[in-house]
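The values are calculated or read from the model by the stated rules, or taken from the named source; none is laboratory data. None of these values were measured; they are calculated from a predicted model. Every residue, glycine as well, gets a Cβ built from its backbone with ideal geometry; the counts of neighbours run over all protein chains shown. Calculation scope for accessible area: heavy atoms of the full protein, side chains included, ligands and nucleic acids excluded. Shrake-Rupley method; radii C 1.70, N 1.55, O 1.52, S 1.80 Å.
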Amino acid sequence: MSTTFDPIQRINDGFEQFKINEFNKDPDYYRQLAQKQQPKFLMFACSDSRVSPTNILNLRPGEAFMARNIANLVPVSNKERYSDIGAIIEYAVETLNVEVILVIGHSRCGGIERLLALPDDETSYDFLDDWVSVAEPAKQRVIAENPDASGEELQTLVEKASVLDSLKNLLSYPYVQSGIEANTLQLLGGYYDFVRGNFQILETVTV
């Protein structure tokens, strides 16, 4: 552990800046927020420390209900294996009545990089390999459609394809399907390229 990094000091300093520059400057907003949250978005984003939706999309507290995991994946509904993902979606749609679910992919994703290394890499992980295999269909489809792609090009294609698959997988959750059919819910796929500083919408799913 570094002898120069004080995590408690960093936490305290960060909160102090938030309190001075945000919380204290808009007490009415935070007073209202304390009574009830009414986010418009549910966002699925990667756990990658370089990919913070709050920062890259300039969100304030209360605007988005957040779910972050390795490679920003949404698996097909499965109560036995993925109850955590299901609980997030159910609460956001049924209780919070979010209007948009946004799945954000990103450049140089370590989870997708690991997926592309399988099954050849001899290194094994207890949980990671099973989790990233959720995106295996996207990987196989991209390879079949782009047989000459490799390296960064291949990874970027799989990163984007996995976002589109997550949008399809969201439809396996009955709350999402009902929201789409009732025209009260919209699905969006986005991609953040932190190398070039770009953000693009990949796909929109509505009625």
What is the distance, in nm, between label points placed 7 Å from the Cα along the Cα-to-Cβ direction at Ser150 and at Leu118?
2.3
Accessible area per residue, 1.4 Å probe, Å², for region 63-207: what's the number?
52
From the phi angles alone, apply the Karplus equation (6.51, -1.76, 1.60; θ = phi - 60°) to region 81-93 and give each ³J(HN,Hα) in whole Hz, x where the residue is Gly or Pro.
9, 10, 5, 5, 5, x, 5, 4, 5, 4, 5, 5, 7
Using the Karplus curve 6.51 cos²θ - 1.76 cosθ + 1.60 with θ = phi - 60°, work out ³J(HN,Hα) for each residue of region 151-165 in order, rounded to whole Hz, and write x for Gly and Pro.
x, 5, 4, 4, 4, 4, 4, 6, 4, 6, 5, 5, 5, 5, 5
Taking H placed 1.01 Å from N in the peptide plane, check which residues at least 5 places from Glu203 or on another chain put their amide H under 5 Å from its amide H.
Gly189
Within a Gaussian network of the chain (alpha carbon springs, distance under 10 Å), most fluctuating of Thr123, Thr54, Thr95
Thr123
Mean-square fluctuation check for the chain, GNM, Cα pairs under 10 Å: which of Glu136, Glu80, Glu152 is largest?
Glu80
Specify whether the C-alpha gyration tensor of region 1-96 places it in the rounded, prolate or oblate class, a ≥ b ≥ c being the square roots of the eigenvalues: rounded for a/c under 1.5, otherwise prolate if a/b is larger than b/c and oblate if not.
oblate
Test item: Cα-centred dipole of region 40-124, Lys/Arg +1 and Asp/Glu -1 on Cβ, debye:
300
Go through region 20-32 residue by residue and turn each phi into a ³J(HN,Hα) via Karplus (6.51, -1.76, 1.60, θ = phi - 60°); whole Hz please, and just put x for glycine and proline.
6, 8, 10, 4, 6, 7, 9, x, 5, 4, 6, 5, 5
Within 10 Å of each candidate Cβ there may be at most 14 other Cβ atoms; applying that plus a DSSP loop requirement, which chymotrypsin sites (Phe, Trp or Tyr not before Pro) in region 83-151 survive?
Tyr125, Phe127
Using 0.36 nm per residue, how much length does the chain from Ile11 to Arg50 gain when fully extended, once their Cα-Cα distance is taken away?
12.2 nm
For region 8-56, what class follows from the C-alpha gyration tensor (a ≥ b ≥ c being the square roots of its eigenvalues): rounded when a/c is under 1.5, otherwise prolate if a/b is larger than b/c, else oblate?
oblate
Calculate the dipole size of the chain relative to its Cα centre from +1 charges on Lys and Arg beta carbons and -1 charges on Asp and Glu beta carbons; express the result in debye to the nearest 20.
740
Please report the carbon-and-sulfur percent of the accessible area for the chain; probe 1.4 Å, protein heavy atoms only, DNA, RNA and ligands left out.
49
Could you please put Ser52, Ser150, Ser166 in sequence from largest to smallest accessible area, using a 1.4 Å probe?
Ser150, Ser52, Ser166
